[in-house]
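> Structure in structure tokens, see below.
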Amino acid sequence: MILVTTAGKVGSETVRLLRERDVPVRVLVRDPAKATARALAEAGAEIATGDLGVPASIDEAMSGVSGVVLVSPAVPAQELNVVASAARAGAGHVVKATSKAPADSPIARRRWQAEIEAGLAASGIPHTLLRSNAYMQNVLALAPAIAKTSSFGSSAGKGRSGLVDARDVAAVAEDAMIRAGVPEQIAEMNAQAFSLTADGDAEWVTEDVPSLLGRPARSFEQFTADYAAAFS
Ligand SMILES: NC(=O)c1ccc[n+]([C@@H]2O[C@H](COP(=O)([O-])OP(=O)(O)OC[C@H]3O[C@@H](n4cnc5c(N)ncnc54)[C@H](OP(=O)(O)O)[C@@H]3O)[C@@H](O)[C@H]2O)c1
């Protein structure tokens, strides 16, 4: 049994892909009545109701689990709760969604990722880190402005950013598994990230998706075609 810790962008697609391969999968959600949770249940996933801030609910969801796909808003205490629970349950592998995560980053959420990665390493559980650049789905936040004005603004200036479709991150997570809020702070971190992007900090892409999946990564053109309705 694989436990996927949330049903967000990456988590829900990971569950869907695992079920497509008939892999037994359980997904932890806060609200099983949400449409995403209901769709995943229909696809054959077990739904565990819980909260990553409540260790007992994680332990319950962890019962009989051999592998964990750790993807969440990446609050250190919450993801480290999952790591501790996985260690108690003797899980064999953790695949964690992360980002550029230097421990001395000026952006707090990158330092938090570093803290979680360190905790995961210290747990001794074999693991895979999916270190992604920005998800294409972030662009959906601009969709209302684009639909209205056919344009958007950004404080990243001419800084370029590598992008990956969150569905491809999920496909890599599935593959790896099979093979082995504080609003003000968030706003501040976003501003810091844009400022670093303006300086070229985000101008990187990797060949990980094509080399691991044996097919091209989804292009940004494909992404915009798939989500065209949101922008029109
Ligand atoms: N966005 C990017 O550009 C980017 C780039 C690189 C890496 N990443 C990494 O990707 C990860 C985020 O993945 P994502 O984009 O798939 O997430 P997401 O779409 O934002 O979904 C987050 C999910 O977490 C659930 N959740 C929040 N708090 C919870 C709690 N206390 N207990 C249980 N569930 C909780 C939410 O459920 P509800 O429906 O109940 O709210 C939601 O389903 C982070 O580690 C981030 O650093 C993101």
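> Check residue 141 against each of (1) at pLDDT 95 or above; (2) more than 16 Å from the chain's Cα centre (by Cα); (3) open to solvent by 50 Å² or more (accessible area, probe 1.4 Å) and name the one condition it does not meet.
Failing condition for residue 141: (1).
> Could I ask something else about it? Tell me whether the range 77-97 contains one or more residues that are in contact with a helix residue (DSSP H, G or I) (Cβ under 6 Å, 6 or more places away or on another chain) and over 27 Å from residue 1 (Cβ atoms).
No, that holds for no residue.
> Filter the range 122-150 for residues that are assigned to a loop (DSSP other than H, G, I, E, B), under 21 Å from residue 201 (Cα atoms) and of a type in the set (Ser, Thr, Tyr) and give the result.
132
> Quick one: residue 223 ticks every box in (1) closer than 30 Å to residue 77 by Cβ; (2) under 18 Å from the mean Cα position of the chain (by Cα); (3) of a type in the set (Phe, Trp, Tyr) except a single one, so which number is it?
(1)
> A further question on this structure: Which of the residues belonging to the range 1-11 are open to solvent by 30 Å² or more (accessible area, probe 1.4 Å) and either part of a helix (DSSP H, G or I) or more than 13 Å from the ligand (Cβ to nearest atom) (or both)?
If the condition is that a residue be open to solvent by 30 Å² or more (accessible area, probe 1.4 Å) and either part of a helix (DSSP H, G or I) or more than 13 Å from the ligand (Cβ to nearest atom) (or both), then 1, 9 are the ones that fit.
> Identify, from the list 63, 85, the residue that is within 24 Å of residue 30 (Cα to Cα) and either more than 15 Å from the ligand (Cβ to nearest atom) or among the charged types (D, E, K, R) (or both).
Step by step, each of 63, 85 is checked, and only 63 is within 24 Å of residue 30 (Cα to Cα) and either more than 15 Å from the ligand (Cβ to nearest atom) or among the charged types (D, E, K, R) (or both).
> Within the range 127-134, identify whether any single residue is within 22 Å of residue 10 (Cα to Cα), within 18 Å of the chain's Cα centre (by Cα) and more than 13 Å from the ligand (Cβ to nearest atom), and answer yes or no.
Yes, some residue in the range 127-134 is within 22 Å of residue 10 (Cα to Cα), within 18 Å of the chain's Cα centre (by Cα) and more than 13 Å from the ligand (Cβ to nearest atom).
> Also, I was wondering about something else. Contact list please: Cβ distance under 7 Å, first residue in the range 75-90 and within 13 Å of residue 54 (Cβ to Cβ), second residue open to solvent by 40 Å² or more (accessible area, probe 1.4 Å) and more than 10 Å from the ligand (Cβ to nearest atom), pairs at least six apart or on different chains.
Short answer, once both residue conditions are applied: 81/55; 85/55; 85/59.
> For the range 88-103, which positions are within 11 Å of the ligand (Cβ to nearest atom) and either farther than 16 Å from residue 173 by Cα or among the charged types (D, E, K, R) (or both)?
Residues satisfying the conditions are 96, 100, 101.
> Scan the range 156-168 residue by residue and report those that are open to solvent by 10 Å² or more (accessible area, probe 1.4 Å) and either assigned to a helix (DSSP H, G or I) or closer than 18 Å to residue 227 by Cβ (or both).
If the condition is that a residue be open to solvent by 10 Å² or more (accessible area, probe 1.4 Å) and either assigned to a helix (DSSP H, G or I) or closer than 18 Å to residue 227 by Cβ (or both), then 161, 163, 164, 167 are the ones that fit.
> Could I ask something else about it? Being surrounded by 14 or more Cβ atoms within 10 Å (Cβ to Cβ) and farther than 26 Å from residue 7 by Cα is the requirement here; does residue 197 meet it?
yes
> Identify, from the list 207, 184, the residue that is of a type outside the set (Val, Ile, Thr), loosely packed, with under 14 Cβ neighbours inside 10 Å and at pLDDT 95 or above.
207
> With respect to the numbered conditions (1) more than 13 Å from the ligand (Cβ to nearest atom); (2) farther than 30 Å from residue 195 by Cβ; (3) open to solvent by 40 Å² or more (accessible area, probe 1.4 Å), which one is the sole condition not fulfilled by residue 106?
Here residue 106 meets the rest and fails (2).
> Of (1) within 20 Å of residue 220 (Cα to Cα); (2) part of a loop (DSSP other than H, G, I, E, B); (3) among the small types (Gly, Ala, Ser), residue 180 satisfies all except one. Which?
(1)
> Got a sec? Which of 119, 153 is open to solvent by less than 40 Å² (accessible area, probe 1.4 Å) and outside any strand (DSSP E or B)?
Sole residue among the options that is open to solvent by less than 40 Å² (accessible area, probe 1.4 Å) and outside any strand (DSSP E or B): 119.
> Please count how many residues of the range 12-58 are within 14 Å of the ligand (Cβ to nearest atom) and part of a helix (DSSP H, G or I).
Number satisfying all stated conditions: 16.
The values are calculated or read from the model by the stated rules, or taken from the named source; none is laboratory data. All of these numbers come straight from a predicted model, not from anything done at the bench. Glycine gets a Cβ as well: all are built from the backbone with ideal geometry, and neighbour counts include every protein chain shown. SASA here: full protein model, heavy atoms, side chains in, ligands and nucleic acids out. Shrake-Rupley method; radii C 1.70, N 1.55, O 1.52, S 1.80 Å.
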